[in-house]
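The values are calculated or read from the model by the stated rules, or taken from the named source; none is laboratory data. All of these numbers come straight from a predicted model, not from anything done at the bench. Here Cβ is always computed from backbone atoms with ideal geometry, including for glycine, and neighbour counts include all displayed protein chains. Heavy atoms of the whole protein, side chains included, go into the accessibility calculation; ligands, DNA and RNA do not. Shrake-Rupley method; radii C 1.70, N 1.55, O 1.52, S 1.80 Å.
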Amino acid sequence: MEKKKIALITGVTGQDGSYLSEFLLGKGYEVHGVIRRSSVDYRERIAHLEGKPDFHIHYADMGDSMSLVKLVGKVQPTEIYNLAAQSHVQVSFDAPEFTADVDAVGVLRILEAVRTNHLEHHCRIYQASTSELYGKVEEVPQNELTPFHPYSPYAVAKLYGYWIVKEYREAYGMYCCSGILFNHESERRGETFVTRKITLAAARIAQGKQEKLFLGNLSSLRDWGYAKDYVECMWLILQQEQPDDFVIATGVQHSVREFAYLAFKTAGMELEFRGEGIDEKGVCVAGPANLVGKTLVEVSEDFYRPTDVVNLLGDPSKAKRELGWDPQSTSFEQLVSIMVKHDMQKVAADHVAGVMRTNLAEYLEKGITK
Ligand code: NAP
Ligand code: F7E
């Protein structure tokens, strides 16, 4: 009988970690996830997996070598997916040292934890690399041979991660690879990334819970895919005969403005963008009578970055050819629709829960407990 595969996932509570856990459990893996201590126990994305016999969680931290060495020794993984990171580009300008520690040195800690436990020839390692490495792009579209030009503290940290993985592959013959993933989004995306910020705002504005959405650079271009599709690639990358790095992208590009237009349209409001730069506004030209004529989107300098990456478009030919992966299994239109529909329901449910809480508070105040 084939030995059970054991996966260790850092960043299991994140968007990708939660989808990857589901995917690997579905493939019959024993899945171990790393969580870190937090004053609020925020494990929403994996709550539905806790209690499953093959799903286990452990405390460790990417900044704590000892915790990682002990955990790798205890779990004896056959595959490690290193997804943990301070993943917000704008935040990396505010917390550059923390970002470097977790996103750069953290990768080294994982590689060394594997070597310390003498697992370097038994355990395969996936490193969550990023299209942000191309940064101030030197060519469009970007493929595995495009020169890197990182353009934020986040990207510089991730560049170290990329090179240290390559170095350990060559120096020690380890099976370790980088997936250079372009932006991938979902209904589980963190609420401060631009796509989720837009879909949540569109849902709130449609339901009278928010007046306006403030955004930064509307002209920024991204290659947005669906996170649920992308986690399959992480796994495929580790199933190849030889370790290698892959670009994972859809090969289709849209602006933040286009994303906002489609999200608002899906939520029942048609926007017309007028003006330029900081003065650009998204005005509602069709939709609910109380919103028509109102400015629903404005630009705020608060969301501009000191240096911004503005032209990302991936060339997924290699992944298509060698991994047999379909880069467009979920289209841009489908992605926006999935996210908006989810957030329309979430906002409505949050409202009901809010009303119920208010009612309960009122009842308790009046001494009514039933
Ligand atoms: P995410 O939702 O922000 O999740 C990041 C995860 O890392 C969370 O589980 C977080 O834990 C964990 N983490 C952060 N600092 C840690 C520390 N010091 N020790 C242990 N865990 C820590 O990110 P994601 O979108 O799923 O992305 C997954 C990975 O892919 C990241 O490395 C990201 O940089 C990279 N990436 C993402 C994209 C994308 O478009 N999503 C594209 C390319 C690359 P908490 O829940 O406790 O905060
Ligand atoms: O920004 C612009 C912003 O924060 C996308 C991470 O997962 O993908 C993600 O990084 C673009 C940028 O993602 C707002 O200036 C305009 O040009 O959604 P984002 P990101 O920076 O591309 C890469 C591949 C990763 O590796 C990262 O981990 O949108 N933008 N207005 C805005 N961005 C935000 N967040 N908020 C705005 O209001």
*If ligands, DNA and RNA are left out, what is the accessible area of I57 with a 1.4 Å probe, given in Å² to the nearest 10?*
50
*asked:* Suppose accessible area is computed on protein heavy atoms with a 1.4 Å probe; arrange W163, W325 from highest to lowest.
replied: W163, W325
*Please give the length that would be gained between H122 and Q210 if that part of the chain were fully extended, namely 0.36 nm times their separation in residues minus their C-alpha to C-alpha distance (nm, one decimal).*
26.4 nm
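Output the relative contact order of the chain, whole-number percent, from Cα pairs under 8 angstrom with separation of 6+ residues. Present the calculation step by step, with values, prior to reporting the outcome.
On the way: 714 pairs, mean separation 58.2, N = 370.
Computed value for the chain: 16 percent relative contact order.
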*With a 1.4 Å probe and every protein chain left in place, tell me how much accessible area V91 has, in Å² to the nearest 10.*
60
*V91/E2 FRET efficiency (R0 45 Å; Cβ-Cβ; nearest 0.05)*: 0.60
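Kindly state, to the nearest 0.05, the FRET efficiency for R115 paired with S38, given R0 = 22 Å and r defined as their beta-carbon distance. List each step's numbers first, then the result.
On the way: r = 29 Å, r/R0 = 1.33.
Using R0 = 22 Å, I get an efficiency of 0.15.
Give the accessible surface of the chain per residue, rounded to a whole number of Å², with probe radius 1.4 Å and ligands, DNA and RNA excluded.
47
Starting from the range 167-217, pick out the GluC sites (Glu not before Pro) whose DSSP state is loop and whose Cβ has at most 15 other Cβ atoms within 10 Å.
Numbers: sites: E167, E170, E185, E187, E191, E211; in loops: E187, E191, E211.
Passing both the DSSP loop test and the Cβ count: E191, E211.
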*Qualifying lysines (Cα of each under 25 Å from Cα of K228; at least 8 residues distant if same chain)*: K4, K5, K27, K52, K158, K197, K265, K318, K320, K341, K346
*With everything on Cα atoms, drop me the angle between helix 332-365 and the longest principal axis of the chain, reported from 0 to 90° to the nearest 10.*
70
*Measure out, as a whole number of angstrom, how far apart the alpha-carbon centroids of the range 298-330 and the range 65-124 sit.*
24
*Starting from the range 40-104, pick out the chymotrypsin sites (Phe, Trp or Tyr not before Pro) whose DSSP state is loop and whose Cβ has at most 14 other Cβ atoms within 10 Å.*
Y42
*How about K294: which aspartates and glutamates have a C-alpha closer than 14 Å to its C-alpha, ignoring those fewer than 8 places off in the same chain?*
E211, E270, E272, E280
*In nm, to one decimal, how far is the S219 label point from the V252 one, both placed 7 Å along Cα→Cβ?*
2.4
*Which aspartates and glutamates, on any chain, are close to K70 with Cα under 17 Å apart, when same-chain ones fewer than 8 places away are left out?*
D61, E79, E112, E120
